[in-house]
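Chemist: Once you've had a glance at the structure underneath, I'll fire off some questions.
The values are calculated or read from the model by the stated rules, or taken from the named source; none is laboratory data. Treat the numbers as computed from the prediction; the structure is a model and nothing was measured. Neighbour counts run over all protein chains shown; Cβ positions are idealised from the backbone, glycine included. Only protein heavy atoms, including side chains, enter the accessible area calculation; ligands, DNA and RNA are left aside. Shrake-Rupley method; radii C 1.70, N 1.55, O 1.52, S 1.80 Å.
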Amino acid sequence: MEKFLSQPTNGSLVLLPTLYMVWSDTLLTDSEHQAFQSFFKTVDWLSEEDRKYLVAKLDPQSPPSREEMEMWWQTIKSAVDNNTNYPHLSSIGLEILKKYAPEVAHTFPMSRVEQELGNLEDQLGIIGRSAALTFKSSHSNISTSYETQVGFDIAKLTALLDGKRKPLIDEVKSLIARKEFDYVDPGNLKDFREQVLIWCKILANKGYGSIGFPKEYGGKNDMEGYFTVMETLSYRDLSTVIKFGVQFGLWGMSVLMLGTKKHHQKYLKAIGSLELPGCFAMTETNHGSNVRGIETTATYNHAEKNFTIHTPHINARKEYIGNAALHGKMATVFAKLIIDGKDYGVSTFIVPLRDDQGKTLPGISIEDCGRKMGLNGVDNGLIAFDTVIVPKENMLDKFSSVDEDGNFQSPIASDNKRFFTMLGTLVGGRIGIPRSALAASKSGLTIAIRYADKRRQFGPDGTSEVPILNYRMHQRRLLPLLAKTYACHFAMEHMTDRFLNRKESEMQEIEALAAGLKSYVTWHNTSTLQECREACGGKGYLSENRIDALKNDSDVYTTFEGDNTVLLQLVAKSRLSSYKKQFENMNLFTVIDYVVTKTKTTLTEKNPLIIRKTDETHLLDHDFHLNAFQYRESSILNSAAKRLKRLMDEGMDPFDAVNVAQHHLFTLGMAFIERVILEQFIEKIKQTTDPELKFVLKRLCDLFALYQIETHKGWYLEQGYMEGGKAKAIRKMVNQLCWETRKDAVPLVNAFNIPDSCLSAPIAT
C-alpha cells in the first residue's frame with residue numbers, strides 16, 4: 001500500500017478522531033502542532049511505532065490525502081454507536097481501540113488515557129460533544145437530521161415576551177389585522193399620506209394616541225402603554241408608527257413635558273384626539289445633533305408681551321419635520337431666547353402653522369421634503385419663520401420663562417443642566433424608536449426563517465433536497481441574529497422599566513443607556529434586515545414579501561432621535577464621568593482597595609488555565625460570558641480615561657483630545673451596552689421558572705454571548721485574554737449552538753406572534 005494510505009498503528013487508533021478533526025480544516029496551525037508535540041513528550045502509553053506514525057501524520061507540510069481522510073472517517077464511523085452520547089472524542093477513540101486492537105486496549109491505563117486525551121482536546125480548542133456528533137449518521141445527514149420540532153410551549157414564550165402588557169398587545173394586533181388596515185400602494189405619495197392619516201385617526205379614536213397623557217386630559221397616564229402600542233403597530237406599517245409618534249409622542253409629549261397646566265388644558269385633549277395635528281420643530285439644516293447650536297430666534301418684546309420667531313437664513317430652517325408638509329396646524333419650535341439683546345439659550349414655543357382650512361399662516365413658509373427612501377406616508381417638510389409673532393403664553397415654560405417684569409426665570413440655575421434637563425424629558429423617543437426597530441427585526445426574521453425551513457435546495461445524491469435552514473452557513477447567517485433580537489428585547493424591557501420608574505439622580509445614567517440601546521438596537525435592525533433579504537434570495541427582493549419595505553422604512557432609525565455614532569460618544573462620556581466621580585469620592589484606603597481588586601480581577605481573568613480553558617462547561621458558563629464582557633468594558637474604560645488624561649496633560653485642548661480618541665470612545669460605548677444587554681438576558685433566564693423555556697432561552701443567551709465574544713476575538717487575543725485554541729473552540733461552539741437552535745428556530749419566531757396579515761409575505765405563510 002502507498003505511503004499516504006498507510007494503516008494506523010494499533011495504539012494510534014485512539015487518536016484517530018482527534019487526527020481527523022484537526023485536519024478537517026485542511027490546515028494544521030503552529031499552536032496545534034505544538035500541542036501535539038507537548039502531548040507526545042508527556043504520555044507514556046504510546047509505543048515508539050505509534051509515535052512514529054502520529055508524528056508522520058502531523059507534518060504541516062505533508063497533510064493527509066483525501067483518500068486517507070476517507071479511510072479514517074470510515075474507521076471512526078464503524079465504531080460509533082448512534083444511540084450513544086459521547087462527551088469527548090477520546091470516548092470514540094477508546095471504542096475504536098477496543099474494536100480493532102483489544103489486546104492493546106487491555107494494556108492501556110484507560111482513565112489516564114481518557115483524561116490526557118481530554119486535556120489535549122482542550123488545548124486544541126476541540127468541543128468534545130460537538131466534535132463527537134460529527135461522526136454520528138443522524139447528525140451528519142443534513143437531509144434527515146434536524147427539522148423543526150416544538151420543544152416548548154410557544155404560547156408560554158409569547159406570554160413571557162409580552163409580559164403584563166399582553167392584553168393590550170393582543171388588542172392592538174387584533175385591530176391592525178383588520179381589513180381597514182390592509183396595505184396600500186405607497187407609490188402615490190398623496191394617497192398614501194392621506195391613508196396613513198386615516199389610520200392614525202382610527203388609533204386616536206380608540207384612545208391609543210392619548211394613552212400616555214394624564215387622565216384629566218383624556219388619557220390613561222400610561223406611558224408604558226404608549227410604548228407598547230408604538231411597538232405593536234410596527235408589525236403593520238412603519239409610516240403609521242412614525243406619524244403616530246410625531247403626533248402623540250413628540251408634539252403631544254413636548255407640550256406635556258415642557259409646558260405647564262395652562263398648555264395642558266388648552267391643547268392636550270385636541271392633540272390626543274388628532275383634532276389638532278402638530279409638529280416637533282427642533283432639527284435645522286445646519287444643526288441636527290447639535291441642538292444647542294440652533295439659529296432660529298425667539299425675541300421677547302416686553303411692551304407687547306409676545307415673542308418674534310424668526311429664521312435668520314435658509315440653512316436655519318427647520319428641516320425634515322414630520323407632519324409639516326401637509327397636516328400640521330401647530331409646532332413646538334426650539335429657538336434661542338433673546339431678551340434685551342441677550343441670548344438665554346434654547347427654549348420652546350408653540351407656533352401656529354396653518355388655519356382651519358389648512359392654509360399656511362402669514363410669515364410661515366413650508367416646503368415639502370418630497371419622496372424619501374422610506375416612510376413615504378409621513379409628510380416631512382422644511383419650515384421657515386419670517387418674524388412670526390406669538391403671544392407670551394405660547395412659551396412652554398416648565399424649565400424657562402419670562403416673568404411679569406420681562407426678566408428670564410428658571411427653576412434650574414445652571415444653563416447647562418437646564419438644557420440637558422429639557423432634552424432629557426424627551427428621552428422617550430429613544431425608547432420608542434428601538435422598540436419599533438425590534439418589531440421590524442422580528443418581522444424580517446420571521447419571514448426569512450420560515451422561508452428557510454420550507455425552501456429546499458441540493459442534497460446528497462439519491463435523496464430529496466434539503467431545507468436551506470439545515471445548512472450550517474445559513475444557520476450562521478440567521479440564528480445569531482435571532483439570539484441577539486431576543487437579547488435586545490429583554491434589554492429594552494429593562495430600559496422601559498428604568499425610564500418609567502426613574503429618579504432624578506439616575507437621569508444621566510438613564511439617558512446614556514437609552515442613547516446606547518437606541519444605537520445598538522437600530523444598527524442591529526439594519527444589519528438583520530439586510531441579512532434576511534439576502535438569505536431569501538430573489539424572493540427577498542420582491543416587494544410582495546415586504547423585506548424591502550421593512551428595510552427602507554426603518555433605515556432612518558439609525559439617525560432618528562440622534563445619529564447613532566454621535567449618541568455612542570454621549571454614552572462614553574457618561575461612563576467617563578461616572579469613572580471620574582468614582583475616584584473623586586474615594587479616600588486613600590478605598591483607592592488602595594480598588595487597585596487591589598482590579599489586580600485580583602486581572603490575575604484571575606488572565607490565569608493561564610483560564611485563557612486556555614475550552615471545555616464545554618466553561619464555554620457555556622454565564623459567569624465566563626459576563627466576566628468577558630465586563631473585562632472588555634472595564635479595560636476599554638480604563639484605557640480611554642488614561643488616554644484622554646495623557647493628551648490633556650500634554651496640553652491638548654479637551655475638544656481636540658476627544659476628537660483624537662473618538663474611535664476609542666465609540667468602542668467604549670458599544671462595550672458598555674453589550675454588557676448591559678447580556679446582564680438583562682441572564683437576569684430574565686433567572687426569573688423564568690418554566691424549565692423548557694429556561695432551557696431554550698439559556699441556549700439563545702449562550703449563542704448571543706459567544707457570538708459577540710467571537711466577533712471581538714481580535715481584541716481578546718490582543719489583550720491576552722484568550723489564546724488561539726480557545727478562540728477556535730468558541731467558534732466551534734457557536735456552530736454547535738446554531739445547529740442545536742435550528743430545530744427551535746421556527747417556534748422561536750412564531751413566539752413573536754405576528755399576525756399573518758401584518759407579515760403579508762407569501763413566502764412566510
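Chemist: Report the semi-axes of the equivalent ellipsoid for the stretch 647-757 in whole Å, largest first, where each axis is √(5λ) for an eigenvalue λ of the Cα gyration tensor.
Modeler: 36, 20, 13
Chemist: Assuming a viscosity of 0.890 mPa s and a temperature of 25 °C, what translational diffusion coefficient in µm² per second does Stokes-Einstein assign to the stretch 216-345, Rh being the Kirkwood radius over Cα pairs?
Modeler: 152
Chemist: Angle, helix 507-535 long axis vs. longest principal axis of the chain, Cα atoms, 0 to 90°, nearest 10?
Modeler: The helix 507-535 is inclined about 60 degrees to the chain.
Chemist: Hey, any idea what % of the chain's accessible area is carbon plus sulfur with a 1.4 Å probe?
Modeler: 52
Chemist: Ok, one more. For the stretch 46-120, what does the convex hull of the Cα positions come to per residue, in cubic angstrom?
Modeler: 113
Chemist: Separate question: Could the peptides 623-634, 668-679 be put in order, highest first, of the mean number of other beta-carbon atoms found within 10 Å of their residues?
Modeler: Put in order of decreasing packing, that is 668-679, 623-634.
Chemist: Measure of size requested: the Rg and Dmax of the chain, with Cα atoms as the atom set and Å as the unit; please supply both.
Modeler: When restricted to the Cα atoms of the chain, Rg and Dmax are 31.0, 110 Å.
Chemist: Taking the solvent-accessible surface of protein heavy atoms with a 1.4 Å probe, what is the per residue accessible area of the chain in Å²?
Modeler: Ligands and nucleic acids excluded, the result is 42 Å² per residue.
Chemist: Output the peptides 374-386, 264-276 sorted from most to least packed, where packing is the average of other Cβ atoms within 10 Å over each peptide's residues.
Modeler: Highest-to-lowest ranking by the protection proxy: 374-386, 264-276.
Chemist: Now a separate question. With unit charges on the beta carbons (Lys and Arg positive, Asp and Glu negative) and the dipole taken about the Cα centre of the chain, which residue among Leu620, Met373, Gln265 sits farthest to the positive side?
Modeler: Gln265
Chemist: Further question: Hey, could you get me the Stokes-Einstein D for the stretch 162-253, Kirkwood radius over alpha-carbon pairs, 20 °C and 1.002 mPa s, rounded to whole µm² s⁻¹?
Modeler: 159
Chemist: Measure nothing fancy, just the Cα-based angle from helix 30-42's long axis to the longest principal axis of the chain, in degrees from 0 to 90, nearest 10.
Modeler: It is inclined by approximately 40 degrees.
Chemist: To continue, here is another question. By per-residue mean of other Cβ atoms within 10 Å, what is the highest-first order of 739-751, 687-699?
Modeler: Top to bottom by mean Cβ count within 10 Å: 739-751, 687-699.
Chemist: Would you kindly compute the Cα radius of gyration of the stretch 210-284 and its largest Cα-Cα separation (Dmax), both in Å?
Modeler: Looking at the stretch 210-284, its Cα Rg and Dmax stand at 12.1, 37 Å.
Chemist: In debye, nearest 20: dipole of the chain around its Cα centre with unit charges on the Cβ of K, R (+) and D, E (-)?
Modeler: In debye, rounded to 20, the chain gives about 920.
Chemist: Strictly greater than 13 Å: what percent of every Cα pair in the stretch 637-693 meets that?
Modeler: So the pairs more than 13 Å apart make up 68 percent of the total in the stretch 637-693.
Chemist: Let me ask something else. Normalise the Cα radius of gyration of the stretch 474-524 by 2.2 N^0.38 Å (N = residues in it) and let me know the number.
Modeler: 1.38
Chemist: Let me ask something else. If you find the alpha carbon centre of the stretch 256-285 and of the stretch 437-506, how far apart are they in angstrom?
Modeler: Measuring centre to centre over Cα atoms gives 38 Å.
Chemist: A further question follows. Between Asp170 and Phe695, how high is the FRET efficiency from 1/(1 + (r/R0)^6) when r is the Cβ-Cβ distance and R₀ = 30 Å? Nearest 0.05.
Modeler: So the FRET efficiency works out to roughly 0.70.
Chemist: Exceeding 31 Å between C-alpha atoms, which entries from my cross-link table qualify? They are Lys613/Lys698; Lys539/Lys686; Lys551/Lys726; Lys77/Lys686.
Modeler: Over 31 Å Cα-Cα: Lys539/Lys686; Lys551/Lys726; Lys77/Lys686.
Chemist: What spacing in nm lies between the two simple spin-label points modelled at Lys206 and Asn221, each 7 Å away from Cα in the Cβ direction?
Modeler: Computed distance between label sites Lys206 and Asn221 equals 2.5 nm.
Chemist: Got a sec? Charge dipole of the chain, +1 on Cβ for Lys and Arg, -1 for Asp and Glu; which of Trp45, Phe307, Gly245 is way out at the positive end?
Modeler: Phe307
Chemist: Next up: Just from its helices, what would the mean residue ellipticity at 222 nm be for the chain, if runs of 4 or more DSSP H residues each count -39500 (n - 2.57) and the sum is divided by every residue, rounded to the nearest 500 deg cm²/dmol?
Modeler: -18000 deg cm²/dmol
Chemist: Can you give the net charge of the other residues whose Cβ lies under 13 Å from the Cβ of Val43, counting K and R as +1 and D and E as -1?
Modeler: Local charge sum for Val43: -2.
Chemist: Could you work out how far the C-alpha centroid of the stretch 729-751 sits from that of the stretch 164-202, in angstrom?
Modeler: 34
Chemist: Find the eigenvalues of the gyration tensor of the Cα atoms of the stretch 383-469, then list the square roots of 5 times those eigenvalues as equivalent ellipsoid semi-axes, largest first, in whole angstrom.
Modeler: Calculated on Cα positions only, the semi-axes equal 61, 15, 9 Å.
Chemist: Oh, and also: How far apart, in nanometres, would the label points at Glu49 and Lys580 be if each is projected 7 angstrom from Cα along the Cα-to-Cβ direction?
Modeler: That separation, rounded to one decimal, is 7.5 nm.
Chemist: Further, regarding this structure: Multiply the residue gap between Arg476 and Arg178 by 0.36 nm, knock off their C-alpha separation, and tell me the result in nm, one decimal place.
Modeler: This chain segment gains 103.7 nm when fully extended.
Chemist: Give me the extension gain from Phe408 to Met110: residue separation times 0.36 nm, minus the current Cα-Cα distance, reported in nm with one decimal.
Modeler: Value of the extension gain: 98.6 nm.
Chemist: Ok, one more. Given the pairs Lys359/Lys442; Lys269/Lys336; Lys417/Lys580, which are separated by over 30 angstrom at their Cα positions?
Modeler: From the list (Lys359/Lys442; Lys269/Lys336; Lys417/Lys580), the Cα-Cα distance tops 30 Å for Lys359/Lys442.
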